[in-house]
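*Asks:* Next up is a structure, given as structure tokens.
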Amino acid sequence: MEIPHWKIVSIGIAFLLLLLASSIFLGKFLPQSEIQLKILQFGNYWIGFLIYVISFILACDLIWLLRSLLAFKWSWMGGPLIRTKTGVILLAVLVLGGSFLSTLYGAVHAKKIKTSFHDITINKQVDDLKEMKVVLIADLHLGYSVGSKDMQKMVDRINKQDPDLVVLAGDIFDNEYEALDDPEYLSETLHQIQSKYGTYAVYGNHDVKETLVAGFSIGASKKALRDPRMDEFMEEAGITVLEDESELIDQKFYLVGRLDGEKNGRGTSKRKSIEELTADLD
């Protein structure tokens, strides 16, 4: 019996989609390697693409539902075109094409570094210190999506600002230390940050050891512990991490760092209040 060509194509597409979708989980069963890293990176993009596909389908369903409820007489939605294979193909092109372009835009946009500037007035008198330039960075998420090349661009942009102080406000890592493409190079790159008073950081809710599937942590728990290698990495990078503690800088001002309120990496939900952290400060 001869199988129609369209059925063969459909089976082929279904198999390809199944293979692509499996990338989300496939990398978790492979030994740590460059290939595994690439597969897991692709899985992150695939889940983003899938979310766009679902969004486009829901939008089409909503339009169709509104047409039915409000009795719209749209000829292009009631004519023969929609009831033919051509109509199905056009809809598939719209959904898949729009999802692909949206994913592509997101991937390109994510690699662009934008700097925003804010003037903040603090009503305190500190000797001859009239102003400071502080560079604040948050949510680097070093791992499958952000690597060595991205961080080199980031450090170059930071140094271009000629900052007095640099602070990293959490989520430096993306849960899995193994996801770093080159830990040694990354720490050396971060060590190149130049500022008058140094670089300080606090940890965020992603700076703990948890398994990621397509960019989302599974088995999330307040008792998730931090990978010791993260602390070693920060020390090698020359970054001082403040965990529920304060530091007097240049005998002029204090910098206070809190534990993360959701996952502090210590296996406990306890952390000091602002009042406790500042009780003994000038």
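The values are calculated or read from the model by the stated rules, or taken from the named source; none is laboratory data. Computed from a predicted model, the values in this text were never measured in an experiment. Methodologically, a virtual Cβ is constructed for each residue, glycine included, from the backbone with ideal geometry; neighbour enumeration extends over all protein chains shown. Just so you know, the surface numbers come from the protein's heavy atoms only, side chains and all, with ligands and any DNA or RNA stripped out. Shrake-Rupley method; radii C 1.70, N 1.55, O 1.52, S 1.80 Å.
*Asks:* Relative contact order for the stretch 139-254 using alpha-carbon pairs under 8 Å, separation at least 6, rounded to a whole percent?
*Replies:* 28 percent
*Asks:* Continuing with the same structure: Just to confirm, what accessible area per residue do you get for the stretch 128-282 at 1.4 Å probe, in whole Å²?
*Replies:* Heavy-atom accessible area per residue stands at 52 Å².
*Asks:* Also, quick follow-up: When DSSP assigns beta bridges and you keep just the ones with both residues in the stretch 131-219, what percent turn out antiparallel, to the nearest 5? Could you put the intermediate results ahead of the total?
*Replies:* On the way: 3 of 13 bridges.
If we restrict to bridges inside the stretch 131-219, about 25 percent are antiparallel.
*Asks:* Which order do I57, I137 take when ranked by solvent-accessible area (1.4 Å probe, heavy atoms of all protein chains), largest first?
*Replies:* The most accessible residue leads, giving I57, I137.
*Asks:* Sorted by accessible area with a 1.4 angstrom probe, largest first, how do F100, F49 fall?
*Replies:* Highest to lowest solvent-accessible surface, that is F100, F49.
*Asks:* Set the Förster distance to 45 Å, then compute FRET efficiency between E232 and L96 from the Cβ-Cβ distance, nearest 0.05.
*Replies:* 0.50
*Asks:* Here is a follow-up. Once R0 is set to 22 Å, what does the formula 1/(1 + (r/R0)^6) return for the Cβ-Cβ distance between M132 and K111, expressed as a FRET efficiency to the nearest 0.05?
*Replies:* Between M132 and K111 the formula returns 0.15.
*Asks:* Summarise the long-distance tail of P(r) for the stretch 125-279 by giving the % of C-alpha pairs beyond 29 Å.
*Replies:* More than 29 Å apart: 19 percent of the Cα pairs in the stretch 125-279.
*Asks:* How do V256, V53 stack up against each other in accessible area, from largest to smallest, with a 1.4 angstrom probe?
*Replies:* From most exposed to least exposed: V256, V53.
*Asks:* Using a 7 Å offset from the Cα along the Cα-to-Cβ direction at both I11 and K196, what is the distance between the two label points in nm, to one decimal?
*Replies:* In this crude label model, I11 to K196 measures out at 7.2 nm.
*Asks:* Now a separate question. Modelled label-to-label distance, A279 and I57, 7 Å Cα→beta-carbon offset: nm?
*Replies:* If labels sit at A279 and I57, their model points lie 5.6 nm apart.
*Asks:* Follow-up question, since we're still on this one. What FRET efficiency comes out for the pair E262/L65, r = Cβ-Cβ distance, R0 = 35 Å, nearest 0.05?
*Replies:* 0.40
*Asks:* Which loop-located trypsin sites (Lys or Arg not before Pro) does the stretch 228-282 contain, where loop means any DSSP state but H, G, I, E or B and the Cβ has at most 16 other Cβ atoms within 10 Å?
*Replies:* Numbers: sites: R229, K252, R258, K263, R266, K270, R271, K272; in loops: K252, R258, K263, K270, R271, K272.
Sites meeting the loop and neighbour criteria: K252, K270, R271, K272.
*Asks:* Considering only protein heavy atoms, what is the solvent-accessible area of K111 at a probe of 1.4 Å, reported in Å² to the nearest 10?
*Replies:* Its accessible surface works out to 80 Å², give or take rounding.
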